[in-house]
Protein chains: 2
Amino acid sequence: VDTNTRSVAVDGMGGDFAPLAVVDGVLLAAKSGVPVLVFGPEAELIALLSEREPAWRDLGIVVSGTSEVIEMAEEPVHAVRRKPHSSLVAAVRAVAEGKAGGVFSAGNSGALMAAAVFVLGREEGIERPAIAGVLPTLQGSVVALDLGANVDCRPHHLEQFGYLGAAYARRLFNISKPRVALLSNGAERGKGSALVKQAAELLQQSSLHFIGNVEPAAVMQHATDVVVCDGFSGNVFLKTLEATAGMFRHLLRHDAAMVRLLEERFGESAQSGARLLGVRGVVLVGHGASHAQAVARAIQKTHTIILAEK
Amino acid sequence: VDTNTRSVAVDGMGGDFAPLAVVDGVLLAAKSGVPVLVFGPEAELIALLSEREPAWRDLGIVVSGTSEVIEMAEEPVHAVRRKPHSSLVAAVRAVAEGKAGGVFSAGNSGALMAAAVFVLGREEGIERPAIAGVLPTLQGSVVALDLGANVDCRPHHLEQFGYLGAAYARRLFNISKPRVALLSNGAERGKGSALVKQAAELLQQSSLHFIGNVEPAAVMQHATDVVVCDGFSGNVFLKTLEATAGMFRHLLRHDAAMVRLLEERFGESAQSGARLLGVRGVVLVGHGASHAQAVARAIQKTHTIILAEK
């Protein structure tokens, strides 16, 4: 295997705390043995890397200079078209050109999705790629998608998310027929928005093991292996879970052991990189507010997936 | 004040654990001094009450016999039209007829809303009543609506929810100009579903103190006094908050003091009765899974609101 195709392309300017948090995350990941190709303003990245770790070149880190930056609030499609020399687009292009095996960015997630679609292309039969997270439950993990890539969905998009999520769960959990459910405001038939009701009919007729609607509590009790929702509800679901966990961390701050347990179970989720499914390549989306530890975990996760899917 | 108009009408057959959990809740509430008018099959309710508390008649409880029951899964509008003699519809009618000052049901919440609209009528300018909860934050409370009455909304519905929520927050928190925000997948302008973006424009032009979009974490940090959303997202938000809190209760079950703190902060929320806003009368909606304690708290809350709004 070519070493290039094992390395992780990283958007050095992606995220609220870039480039510093990204540089520190890259150093942490590189020290754990991950070859990293980092994109951004060359002089600035080299200066930062040298300041934090004079021997950074020995860690397998390669800097690739880019001249543009896509901001967090930019309109994604427009930004990707107008800034082909941005760190985000260049990092995705590295995967298409075989210079890296996968890419991670904590930047504008809409732009990352747009770049992945334009540069890598969609998987067959998939109209809209989706962001999939692996969330903790009381008895294992669940694949949840879409977590925010598509805020406005149509029923057949949710059906396609079902297929994407099931394929991911099959690989991740090593099960042959993952249970697929729709996130809803009630488990009964007849509950749900118009979107959920129509998606339920499509999923019922699909070849998937569709088990119906589930409420958030059922997801956390591991009643399903895959939970499907539109990107707006999924984002509210994920961020409410994280925010509630954050409140508990605050309430429990006197109890170091409990805080550690919470970090282990809930600190991960989207912070450490969610997978963009439905595109031809390994693409991980980070939380905008990722600090160095989260960046490092996401880069390591990208690397693990690259090795597993070779 | 007529004692009748202080009493709380209760749907004796509403909820997953009715009538037993309701009867026990009615007894608890009555023992705390709340006059209760309970609707349901007369012989069954009297037998249950007598079994649990032989002296129940001395507690100010009155049983009113009804012959029909609306099930949890029935289509709401149809059920209300077809079953005028159900415990749910009869309990709402008691408010319209001045036999009670307010009503509580843990039954089919769609049917409760439909009955409230048909029997009590909407407030002026309000097309869709909404379920409003008072949720805990790190520094106080926030009014959240809609929590599930309207799963499919249009932008002007969200604007109306803004007015309903602001009026409620003004009374509850005794503030003159409550902050109103839209629940969204990002605080930046340009984030949000098509629905949220259009509602934001309407709210921007309204006379409300609209502060823009908020994510779940900002809600929990008390960045707003009122958070507005469609009933589907609001239900996912509320139930994710409750389910995450439930997971923590499970993880912390060895720590009795912490569990008590969690119960105080999170055990309440929707379980103890959310207010249906936008109808002419005091209507409280309970969680279907309400046990006796939750029923009792909801009846007490209904009573407190009746007295406060006289």
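For the reader, a short list of remarks on this structure follows.
- Count - residues of the range B:202-221 that are within 12 Å of chain A (Cβ to nearest Cβ) and touching a residue at least 24 places away in the same chain (Cβ under 8 Å): 8
- Failed condition for A:Pro129, given (1) over 30 Å from A:Gly162 (Cα atoms); (2) more than 14 Å from chain B (Cβ to nearest Cβ): (1)
- Any hit, the range A:253-271, residues being within 18 Å of the chain's Cα centre (by Cα), among the aliphatic types (A, V, I, L, M) and either away from every other protein chain (no Cβ under 14 Å) or in a helix (DSSP H, G or I) (or both): yes
- The residue list A:Ala294, A:Ala199, A:Ala298 contains one member that is surrounded by 24 or more Cβ atoms within 10 Å (Cβ to Cβ), more than 14 Å from every other protein chain (Cβ to nearest Cβ) and not in a strand (DSSP E or B), which is A:Ala298.
- Within the range A:142-183, the set of residues being touching a helix residue (DSSP H, G or I) at 6+ places or on another chain (Cβ under 7 Å) and part of a helix (DSSP H, G or I) comprises A:Pro155, A:His156, A:Leu158, A:Glu159, A:Gly162.
- So B:Val38, is it touching a residue at least 60 places away in the same chain (Cβ under 8 Å) and aliphatic (A, V, I, L, M): no
- Qualifying residue in the range A:83-94 (condition: surrounded by fewer than 16 Cβ atoms within 10 Å (Cβ to Cβ) and either modelled with pLDDT under 95 or assigned to a helix (DSSP H, G or I) (or both)): no
- For A:Ala79: the one exception among (1) open to solvent by less than 10 Å² (accessible area, probe 1.4 Å); (2) of a type outside the set (Asp, Glu); (3) closer than 27 Å to A:Glu309 by Cα: (3)
- The single residue among B:Glu74, B:Glu68 that is modelled with pLDDT under 95, more than 17 Å from B:Lys99 (Cβ to Cβ) and of a type in the set (D, E, K, R) turns out to be B:Glu74.
One line per residue, one yes/no per condition, for (1) farther than 17 Å from A:Lys99 by Cα; (2) touching a strand residue (DSSP E or B) at 6+ places or on another chain (Cβ under 6 Å); (3) in a helix (DSSP H, G or I):
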{"site": "A:Asp16", "(1), (2), (3)": "yes, no, no"}
{"site": "A:Leu28", "(1), (2), (3)": "yes, no, yes"}
{"site": "A:Gly33", "(1), (2), (3)": "yes, no, no"}
{"site": "A:Pro54", "(1), (2), (3)": "yes, no, no"}
{"site": "A:Arg57", "(1), (2), (3)": "yes, no, yes"}
{"site": "A:Val63", "(1), (2), (3)": "no, yes, no"}
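- Residue list for the range A:216-237, filter: in a helix (DSSP H, G or I) and either of a type in the set (Phe, Trp, Tyr) or open to solvent by less than 10 Å² (accessible area, probe 1.4 Å) (or both): A:Pro216, A:Val219, A:Met220, A:Gly231, A:Phe232, A:Ser233, A:Gly234, A:Val236, A:Phe237
- For the range A:239-252, taking the residues that are aliphatic (A, V, I, L, M) and open to solvent by 10 Å² or more (accessible area, probe 1.4 Å), the one that is nearest to the other protein chains (Cβ to nearest Cβ) is identified as A:Ala243.
- Options A:Glu124, A:Glu74; residue that is surrounded by fewer than 17 Cβ atoms within 10 Å (Cβ to Cβ) and charged (D, E, K, R): A:Glu124
- The residues on offer are A:Gly148, A:Gly107, and the sole one that is within 12 Å of chain B (Cβ to nearest Cβ), surrounded by 24 or more Cβ atoms within 10 Å (Cβ to Cβ) and under 25 Å from B:Lys191 (Cα atoms) is A:Gly148.
- Among residues of the range B:184-196, those that are without any contact (Cβ under 8 Å) to a residue 24 or more places away in the chain, out of contact with any strand residue (DSSP E or B) (no Cβ under 8 Å at 6 or more places or on another chain) and not in a helix (DSSP H, G or I), counted: 2
This table checks each residue for (1) more than 9 Å from chain A (Cβ to nearest Cβ); (2) touching a Pro at 6+ places or on another chain (Cβ under 9 Å); (3) open to solvent by 40 Å² or more (accessible area, probe 1.4 Å).
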| site | (1), (2), (3) |
| --- | --- |
| B:Gly133 | yes, no, no |
| B:Val142 | yes, yes, no |
| B:Leu158 | yes, no, no |
| B:Leu164 | yes, yes, no |
| B:Leu182 | yes, no, no |
| B:Leu195 | no, yes, no |
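The values are calculated or read from the model by the stated rules, or taken from the named source; none is laboratory data. None of these values were measured; they are calculated from a predicted model. Glycine gets a Cβ as well: all are built from the backbone with ideal geometry, and neighbour counts include every protein chain shown. The accessibility values were calculated without ligands, DNA or RNA, using every heavy atom of the protein model including side chains. Shrake-Rupley method; radii C 1.70, N 1.55, O 1.52, S 1.80 Å.
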